[in-house]
Amino acid sequence: MAFWLVLAAVIVVLDQAAKLYFNTSFSFGQRVNVLPIFDFTLVYNRGAAFSFLATEAGWQRWFFTVLGIGAAVVIAVILGRQGRRAPPRFALALALIMGGAVGNVIDRIAYGHVVDFLLFYWKDWYYPAFNVADVAITCGAILLVLDELLRMRKPR
């Protein structure tokens, strides 16, 4: 379990370090082109993924904070109960989700919003900006689904 918690902590540190860099080096809305389809930017998201509920009056800050803390606690309990018996792919997925959740919770508590800085686009189409925590959560969720699909296919 300790290894997976350390991995989650490393994700939190990387996420917060990147956010600190962009918060101190960029002005809000500033964009720096990196590739023809990718920019660094600085934007704030008061909602969840894809700015879901971002325009609400402010209750969503605490709702998503509690949700993130709850997810991290549940994951820690699952990893704690599984111990060394946790299948590595499953434990990795949970550690990624936990690290990402905690990274975004820190932003919500500290700033009232999540700091996003990665922006992909194609011509006039823009994917919502995101951050390291979002990447970890997404990779963890994909890995969790993959793990379940592979477990279902195993003969019993």
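The values are calculated or read from the model by the stated rules, or taken from the named source; none is laboratory data. Just so you know, these numbers come straight off a predicted model, no measurement behind them. For neighbour counting, all protein chains shown are included, and Cβ atoms are generated from backbone atoms with ideal geometry for every residue, glycine included.
Tally time: how many residues in the stretch 81-128 are in a helix (DSSP H, G or I), of a type outside the set (Lys, Arg) and in contact with a strand residue (DSSP E or B) (Cβ under 8 Å, 6 or more places away or on another chain)? Working first, answer last.
Pass one, the stretch 81-128, residues in a helix (DSSP H, G or I): 81-85, 88-111.
From what is left, the residues that are of a type outside the set (Lys, Arg) are 82-83, 88, 90-107, 109-111.
Filter once more, keeping what is in contact with a strand residue (DSSP E or B) (Cβ under 8 Å, 6 or more places away or on another chain): 104, 107, 111.
So the answer is 3.
Conditions (1) more than 22 Å from residue 119 (Cβ to Cβ); (2) loosely packed, with under 15 Cβ neighbours inside 10 Å; (3) modelled with pLDDT under 90, marked per residue:
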{"residue": "15", "(1), (2), (3)": "no, no, no"}
{"residue": "18", "(1), (2), (3)": "no, no, no"}
{"residue": "29", "(1), (2), (3)": "no, yes, no"}
{"residue": "34", "(1), (2), (3)": "no, yes, no"}
{"residue": "37", "(1), (2), (3)": "no, yes, no"}
{"residue": "41", "(1), (2), (3)": "no, no, no"}
{"residue": "46", "(1), (2), (3)": "no, no, yes"}
{"residue": "71", "(1), (2), (3)": "yes, no, no"}
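Return the residue satisfying two criteria in turn: it lies in the stretch 117-153 and is under 13 Å from the mean Cα position of the chain (by Cα) and of a type in the set (Val, Ile, Thr), and of such residues it is surrounded by the fewest Cβ atoms within 10 Å (Cβ to Cβ).
First, the residues of the stretch 117-153 that are under 13 Å from the mean Cα position of the chain (by Cα): 117-118, 129-142.
From the residues that got through so far, the ones that are of a type in the set (Val, Ile, Thr) too are 132, 135, 137-138, 142.
Details: 132: 22, 135: 16, 137: 24, 138: 15, 142: 12.
Restricting to residues being under 13 Å from the mean Cα position of the chain (by Cα) and of a type in the set (Val, Ile, Thr), the top hit is 142.
Mind telling me which of the residues 50, 22 ends up being assigned to a helix (DSSP H, G or I) and at pLDDT below 95? Before the answer, list the steps.
On the way: 22 fails: at pLDDT below 95.
Just one listed residue meets the conditions, 50.
Of the residues 103, 83, only one is surrounded by 23 or more Cβ atoms within 10 Å (Cβ to Cβ) and either under 20 Å from residue 3 (Cα atoms) or among the acidic types (Asp, Glu) (or both); which?
Values: 83 fails: surrounded by 23 or more Cβ atoms within 10 Å (Cβ to Cβ).
Going through 103, 83 in turn, the sole match is 103.
Just one of (1) modelled with pLDDT of 95 or more; (2) loosely packed, with under 14 Cβ neighbours inside 10 Å; (3) among the hydrophobic types (A, V, I, L, M, F, W, C); (4) not in a helix (DSSP H, G or I) trips up residue 10, so point out which.
(4)
So, of the residues in the stretch 53-69 that are modelled with pLDDT of 85 or more and of a type in the set (A, V, I, L, M), which turns out to be surrounded by the fewest Cβ atoms within 10 Å (Cβ to Cβ)?
As a first pass, look at the stretch 53-69 and keep what is modelled with pLDDT of 85 or more: 65-69.
Adding the requirement that they be of a type in the set (A, V, I, L, M) leaves 66-67, 69.
On the way: 66: 12, 67: 16, 69: 15.
Only one residue fits best here, namely 66.
Within the stretch 133-156, track down each residue that is among the aliphatic types (A, V, I, L, M) and closer than 19 Å to residue 114 by Cα. Quick ask: steps written out before the conclusion?
Initially, the stretch 133-156 is screened for residues among the aliphatic types (A, V, I, L, M), giving 133, 135-137, 141-146, 149-150, 152.
Listed by number, the residues that qualify are 133, 135, 136, 137.
Please give the number of the condition residue 110 fails out of (1) in contact (Cβ under 8 Å) with a residue 24 or more places away in the chain; (2) closer than 24 Å to residue 16 by Cβ.
Failing condition for residue 110: (1).
Would you point out which residue out of 101, 86, 95, 76 is under 18 Å from residue 45 (Cβ atoms) and aliphatic (A, V, I, L, M)? Outline the logic, then answer.
On the way: 86 fails: under 18 Å from residue 45 (Cβ atoms); 95 fails: under 18 Å from residue 45 (Cβ atoms); 76 fails: under 18 Å from residue 45 (Cβ atoms).
When all the criteria are applied, what remains is 101.
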